[in-house]
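We did not get these values from a lab; they are worked out from the coordinates using the rules stated. The model shown is predicted, which means the values in this text are computed figures rather than measured ones. Ideal geometry is used to build each Cβ from the backbone, glycine not excepted, and the neighbour counts take in all protein chains shown.
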Amino acid sequence: MKSKSGILIALAATMAFSSQAQWLTQSILIKPGWTAVYLHVDASYTNLDTLVGNDPSNPITQVWLWQTAPTAQFASSPQVPVVPNSQWAVWGRVGLGMQNTFNALAPNSAYLVYSEAATNYTWRVQGVPAAPQYNWTTSGLNFIGFPTVPRGPPMYDSFMSLSPTLQSLAQIFLYQGGNLGPTNPIQLFTYHTTPVTRGQAVWIRTGTLYNSYFGPFSLELASSGGASFGDSVSTFSFHLLNTCASNVTVTVQLVASEAPPPGQTPIVGAPVVLVQGALNTTTLTYGFSELPVGGTYSWTLAPQGQNGSDVSVVLGMNRYAMSGSPGALFAGILRFTDSFNFTELDMPVTATQSSTAGLWVGNASVTQVANYLKNYLIGSNNTPVLSSNGNYIITSIDTNLGPVVQPYPLRLILHNDGTNVVLLQHVFFGLSPYSNAMVATTQDLLDPNHLASARRITATHLPWSPTNALWQVAGSLGPGGVLTTTVGTAYDDQSSNPFLHAYHPDHDNLDATFQNELAQGYESYGITRQITLNVSPPGNDFNSLTSGAQSLGGYYLETITLSGLGGATRNFYVSGAFALTRISTIPTLNQQ
């Protein structure tokens, strides 16, 4: 029966390789003749013809990939690589006359390689570090490798002492180099003097025991690509599990990526990773610890099966601290080790610099309105003093902002194409006739067969127009940016001017005969709204620092200018706070 242990993820042996990756070189000692190899990196970005066949200094002539049987298997002894054999896939150099059945190195796989050199050779395989995944069968032998530390690895007796059942049942067979035969592979008996070498594959027989021990701890991930934040993901979570009966401290360190191979995406730097901390019950925010390159963070896990043996970890990406053009790749390696110094697990972590392109929707909450209170000169008899023209003498006008009784919401709709930002009165979001998601200024551009799933979003406080006119916004949509735009409403705009009412004789902008239109200022006023959005930097808490790609907020200010008779104007001021959420990353705004 085939099962999984270690990391609970599914990786296909012939998975498509992504160029958005970080890089690590695994060094493997290849002896003359046959050597068993276990890969912890994914080198499928290239093929064996290029990696080995085109390298005249590489003495490897054959590579055999062990493939776990899709159904129950039974192998009473280590398998010899022969063709045809459904358990083996083979690659050989040109000229050997072999029919190659695979041509790329997948991670978490065991290989037999043949070297024609007379001395040892160090095979350096550059690839993407792969989070471990193990297929364990209880019906026969397993051809497997352990993710031990590369320097000073433990001996087999020490390593397996944390799993007494495995230690008592395991029969291990090792390849020694040279030709295959009765003593190659050979059964291991010197457990106390033989190291568990990283990158070495061995055959293990345990009878019907299902083994889940590959080190003192394991990772449980929901994603086969490790911590991949892309250009918009804020957080990534996984579990750390203790797999032994003792306390174990697990430490993670952020390691910089190597330079990528030719033709792969350049890496501009390491991502800024945050580890979520405890909840502050007063502010309801989470603390955090930054994990710089070379920095570490640790967890102590209780013995297996006890409370605290399974720890949930949440990582975040602080995009505010990452400088680079949109699309720039940040990559690194999260390296996990244990307090026994037995295991080293490498998990890739990547993020691309996001832009603020797309559709942003939110609200401004008006919480303050400027006063317009006149202060008059008061005489000795405690009455206002009149001027020579008979008017009260004004000493000052109070225009300070004051709180409102109840906040007033204003819908905000912004679209950013990556360069230009516009404010909209309404927008449509749905499927195009080609079944692609689209953002449009009119419903006519959407697929009429899928209008039920489309959405119209409207800001009713902004003036409507038949063409859904856009207001250009100046400034940068991002932390610290200041956005400004001007929205005008003509005094005679019957569709949007709030001073007009088509069916009220005092507010229809017509004279007493209902024949002639009145000038501005008689019954209605021109309205000019100067809207300013001051985007705030993030707060110093986990959620604020990791939400930059999807949410923005800050200070809202609006100056409302009413224009009346003879061009006379009066300004009114309101302010508050605003919050925006990006609901689509589509940079194109389709217009009729």
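Quick one: length gained pulling Ser325 to His504 fully straight, 0.36 nm per residue minus the C-alpha distance?
Full-extension gain reported as 58.8 nm.
Summing -39500 (n - 2.57) over the DSSP H runs of n ≥ 4 in the chain and dividing by its residue number, what mean residue ellipticity at 222 nm do you reach, to the nearest 500 deg cm²/dmol?
My calculation for the chain gives -500 deg cm²/dmol from helical runs alone.
Taking the highest mean first, how do the peptides 325-338, 167-180 order by number of other beta carbon atoms within 10 angstrom per residue?
Going by the mean number of other Cβ atoms within 10 Å, highest first, we get 325-338, 167-180.
For Ser547, Ser257, Ser465, Ser86, which order do you get if you count the other beta carbons within 10 Å of each Cβ and list the fewest first?
So the ranking, lowest neighbour count to highest, is Ser86, Ser465, Ser547, Ser257.
Given 37 °C and 0.692 mPa s, compute D for the stretch 396-443 with the Stokes-Einstein relation, Rh being the Kirkwood radius over Cα pairs; round to the nearest whole µm²/s.
Stokes-Einstein gives a translational diffusion coefficient of 225 µm²/s.
Once you treat every alpha carbon in the stretch 95-182 as an equal point and sum by Debye, what is log10 I(q)/I(0) at q = 0.18, 0.20 Å⁻¹?
-1.29, -1.50
When you count, for each residue, the other Cβ atoms within 10 Å and take the mean per peptide, how do 206-216, 475-485 rank with the highest first?
In decreasing order of mean packing, 206-216, 475-485 become 206-216, 475-485.
Could you compute the FRET efficiency for Gln187 and Ser86, with r as their C-beta to C-beta distance and R0 at 25 Å, rounded to 0.05?
Result of the calculation: an efficiency of 0.45.
So, in nm, how far is label Ser584 from label Thr119 when the simple model puts each one 7 Å beyond its Cα toward the Cβ?
6.5 nm
Please report the antiparallel percentage of the DSSP beta bridges confined to the chain, to the nearest 5.
Beta bridges within the chain, antiparallel portion: roughly 95 percent.
What translational diffusion coefficient, in µm²/s and rounded to a whole number, does the Stokes-Einstein relation yield for the stretch 549-592 at 25 °C and a viscosity of 0.890 mPa s, taking the hydrodynamic radius as the Kirkwood radius over Cα pairs?
Translational D for this selection: 174 µm²/s.
Multiplying the sequence separation of Val314 and Met98 by 0.36 nm and subtracting their Cα-Cα distance, what value in nm do you get?
72.9 nm
Report the Cα centroid-to-centroid distance between the stretch 23-46 and the stretch 367-415 in angstrom, as an integer.
Value for the Cα centre distance between the two parts: 79 Å.
Could you give me D for the stretch 368-491, from Stokes-Einstein at 20 °C and 1.002 mPa s, where the hydrodynamic radius is the Kirkwood radius over C-alpha pairs? Units µm² s⁻¹, please.
Value of D from the Cα-based Kirkwood radius: 112 µm²/s.
Taking the Cβ of Gly95 as the centre, find all other residues whose Cβ is under 13 Å away and add up their charges (Lys, Arg: +1; Asp, Glu: -1).
Local charge sum for Gly95: -1.
What percentages make up the Cα-Cα pair-distance distribution of the stretch 217-352 when the bins are 5 Å wide from 0?
All Cα pairs considered, the percentages come to 2, 10, 18, 21, 19, 14, 9, 4, 2, 0, 0.
Can you give the relative contact order of the chain as a percent, counting alpha carbon pairs under 8 Å and 6+ residues apart?
Answer for the chain is 12 percent.
Restricting to bridges with both residues inside the stretch 217-352, how much of the DSSP beta-bridge set is antiparallel, in percent to the nearest 5?
90 percent
Using the beta-carbon distance between Gln591 and Ser27 and R0 = 56 Å, what value does 1/(1 + (r/R0)^6) give for FRET efficiency, to the nearest 0.05?
0.45
In nm, to one decimal, how far is the Thr282 label point from the Ser161 one, both placed 7 Å along Cα→Cβ?
Simple spin-label model gives 4.8 nm for this pair.
Just to verify a number: FRET efficiency for Ser380 and Thr265, C-beta to C-beta distance, R0 = 51 Å, to 0.05?
So the FRET efficiency works out to roughly 0.05.
Quick one: what are the phi-derived ³J(HN,Hα) couplings along the stretch 582-588, Karplus 6.51/-1.76/1.60 with θ = phi - 60°, whole Hz, x for glycine and proline?
7, 9, 7, 9, 5, x, 9
Ratio of Rg to Rh for the stretch 518-592, alpha carbon only, Kirkwood?
Using Cα coordinates only, the ratio equals 1.20.
Among Phe229, Phe514, rank each residue by its count of other Cβ atoms within 10 Å, from fewest to most, as a rough exposure measure.
Exposure proxy ranking, most exposed first: Phe514, Phe229.
What per residue convex hull volume, in Å³, do the alpha-carbon atoms of the stretch 66-222 yield?
Output value, Cα hull per residue: 154 Å³.
Measuring from label point to label point, each 7 Å out along Cα→Cβ, what is the Asn571 to Ile397 span in nm?
Each label point lies 7 Å from its Cα, and together they span 1.1 nm.
With contacts defined as alpha carbon pairs under 8 Å and 6 or more residues apart, what's the relative contact order of the stretch 217-352 in percent?
36 percent
For Gln515 and Asn179, calculate 0.36 nm times their separation in residues minus their Cα-Cα distance, and state this gained length in nm to one decimal.
110.1 nm
Measure out, as a whole number of angstrom, how far apart the alpha-carbon centroids of the stretch 462-488 and the stretch 157-179 sit.
That distance is 69 Å.
With the Cα gyration tensor of the chain giving a ≥ b ≥ c as the square roots of its eigenvalues, does the rule (a/c under 1.5 for rounded; else a/b larger than b/c for prolate; else oblate) give rounded, prolate or oblate?
Because a/c hits 1.5 or more and a/b exceeds b/c, the chain counts as prolate.
If contacts are Cα pairs under 8 angstrom and at least 6 residues apart, what is the relative contact order of the stretch 343-500 in percent?
Across the stretch 343-500, relative contact order equals 19 percent.
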